[in-house]
Amino acid sequence: MILNVFDDHTDLSFQAARIICDQIKAKPDSVICFASGETPLSAYSLFTTLMMAEQIDYQHFTLIGLDEWVGVPPENHGSCAWFLRTNVINPLNLLPGQYRLFDGMTSDLPGECVAMDEFISERGGLDLIVVGIGMNGHIGFNEPGVSPDLYSHVIELDEITSTVGQKYFKEETRLTKGITLGIRHLREAKTAMLLASGERKAPIMKATLEGEISMEVPATIMREHPNGLVLIDQKAASLLTARE
Ligand code: F6R
């Protein structure tokens with residue numbers, strides 16, 4: 001795993017965008033998983049701008065949505081689907097067969113997990129997975145205590161996730177379950193890139209990078225990834241003992 005500490009969120013976002021663009025440049029049919037959330041927002045905006053400015057062929061890559069709130073429809077602005085449509089899918093005009101998002105409204109959630117796993121494996125697995133980190137160390141909705149061997153699954157959300165998750169919604173929303181790619185997807189992705197920014201992420205980044213590797217802090221799995229990239233800013237790195 002490589003740790004890169006940037007001056008601020010803007011520098012971090014430029015580097016993350018560059019890495020995603022270079023992945024598609026090197027392998028136009030890449031399969032890339034995108035997290036939602038505040039952290040990668042600028043990176044995605046820079047990514048779509050760079051792709052168009054540099055005329056990189058983006059018609060052959062596949063986008064996978066990392067996760068979704070169960071029971072939240074895609075037209076809700078707090079949904080992960082709405083976030084990815086607004087910030088990546090629509091700006092790039094991706095074709096319907098070019099992306100796969102979880103349906104958090106389906107009555108067959110186990111079937112939805114199987115369908116997602118098949119969609120990914122039929123395309124040769126993930127080339128790159130872009131993730132953020134929750135205040136409790138979650139990755140996607142892989143909450144503390146999750147099995148590292150799971151592919152897609154449905155999970156009861158941690159209280160911290162349900163509470164912090166309100167920031168994405170205009171109105172208070174009941175968030176009890178999530179549907180998510182598993183830690184196994186991250187472990188098997190050719191490259192895994194974790195982004196974290198801001199002081200509020202400093203304690204969990206310290207636990208992630210300097211604590212014991214354990215599923216009590218799922219993000220610690222990044223340290224075992226042979227091609228793991230951790231991009232954080234100075235504020236998120238402020239509690240690290242050994243800062244690079
Ligand atoms: C969202 C997701 C979550 C977020 C994490 C950080 O798709 O998978 O794990 O990445 O909660 O969210 P932000 O970036 O809003 O701090």
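Could you go through the stretch 101-110 and let me know if any residue there is without any contact (Cβ under 8 Å) to a residue 40 or more places away in the chain, in contact with a helix residue (DSSP H, G or I) (Cβ under 6 Å, 6 or more places away or on another chain) and among the β-branched types (Val, Ile, Thr).
Yes; the residues of the stretch 101-110 include at least one that is without any contact (Cβ under 8 Å) to a residue 40 or more places away in the chain, in contact with a helix residue (DSSP H, G or I) (Cβ under 6 Å, 6 or more places away or on another chain) and among the β-branched types (Val, Ile, Thr).
Is the stretch 187-197 home to any residue that is surrounded by 17 or more Cβ atoms within 10 Å (Cβ to Cβ), under 16 Å from the mean Cα position of the chain (by Cα), under 23 Å from LEU126 (Cα atoms) and among the hydroxyl-bearing types (Ser, Thr, Tyr)?
Checking the stretch 187-197: at least one residue is surrounded by 17 or more Cβ atoms within 10 Å (Cβ to Cβ), under 16 Å from the mean Cα position of the chain (by Cα), under 23 Å from LEU126 (Cα atoms) and among the hydroxyl-bearing types (Ser, Thr, Tyr).
Applying the selection to the stretch 35-61, what residues are of a type outside the set (A, V, I, L, M), in contact (Cβ under 8 Å) with a residue 40 or more places away in the chain, over 20 Å from SER162 (Cβ atoms) and in contact with a helix residue (DSSP H, G or I) (Cβ under 6 Å, 6 or more places away or on another chain)?
TYR44, PHE47 - these are the residues of the stretch 35-61 that are of a type outside the set (A, V, I, L, M), in contact (Cβ under 8 Å) with a residue 40 or more places away in the chain, over 20 Å from SER162 (Cβ atoms) and in contact with a helix residue (DSSP H, G or I) (Cβ under 6 Å, 6 or more places away or on another chain).
Out of LEU84, LEU157, LEU128, report the one residue that is within 15 Å of the chain's Cα centre (by Cα) and within 14 Å of the ligand (Cβ to nearest atom). Let's see the steps before the verdict.
Numbers: LEU157 fails: within 15 Å of the chain's Cα centre (by Cα); LEU128 fails: within 14 Å of the ligand (Cβ to nearest atom).
Residue meeting the stated conditions: LEU84.
With the checklist (1) within 14 Å of the ligand (Cβ to nearest atom); (2) more than 25 Å from VAL230 (Cβ to Cβ); (3) out of contact with any Gly (no Cβ under 7 Å at 6 or more places or on another chain) in hand, flag the one item TYR44 doesn't pass.
(2)
Considering the stretch 195-214 alone, what residues qualify as being of a type in the set (Ser, Thr, Tyr) and within 10 Å of the ligand (Cβ to nearest atom)? Walk me through how you get there before you give the answer.
Residues of the stretch 195-214 that are of a type in the set (Ser, Thr, Tyr), as a first pass: 197, 208, 214.
Scanning the stretch 195-214 gives a single hit, SER197.
Consider GLY134 carefully, then state whether it is touching a residue at least 12 places away in the same chain (Cβ under 8 Å) and assigned to a loop (DSSP other than H, G, I, E, B).
Spelling it out, GLY134 is indeed touching a residue at least 12 places away in the same chain (Cβ under 8 Å) and assigned to a loop (DSSP other than H, G, I, E, B).
Looking at GLY134, GLY165, GLY182 in this structure, which one is small (Gly, Ala, Ser), surrounded by 21 or more Cβ atoms within 10 Å (Cβ to Cβ) and in contact with a Leu (Cβ under 9 Å, 6 or more places away or on another chain)?
Working: GLY134 fails: in contact with a Leu (Cβ under 9 Å, 6 or more places away or on another chain); GLY165 fails: surrounded by 21 or more Cβ atoms within 10 Å (Cβ to Cβ).
Result of the check over GLY134, GLY165, GLY182: GLY182.
Looking at the stretch 160-187, which of its residues are part of a helix (DSSP H, G or I) and within 14 Å of the ligand (Cβ to nearest atom)?
Going residue by residue through the stretch 160-187, those that are part of a helix (DSSP H, G or I) are 160-168, 183-187.
Selection gives ILE160, THR161, SER162, THR163, VAL164, GLY165, GLN166, LYS167, TYR168, ILE183, HIS185, LEU186.
Each value in this text was obtained by applying a stated rule to the coordinates, not by laboratory testing. All of these numbers come straight from a predicted model, not from anything done at the bench. Ideal geometry is used to build each Cβ from the backbone, glycine not excepted, and the neighbour counts take in all protein chains shown.
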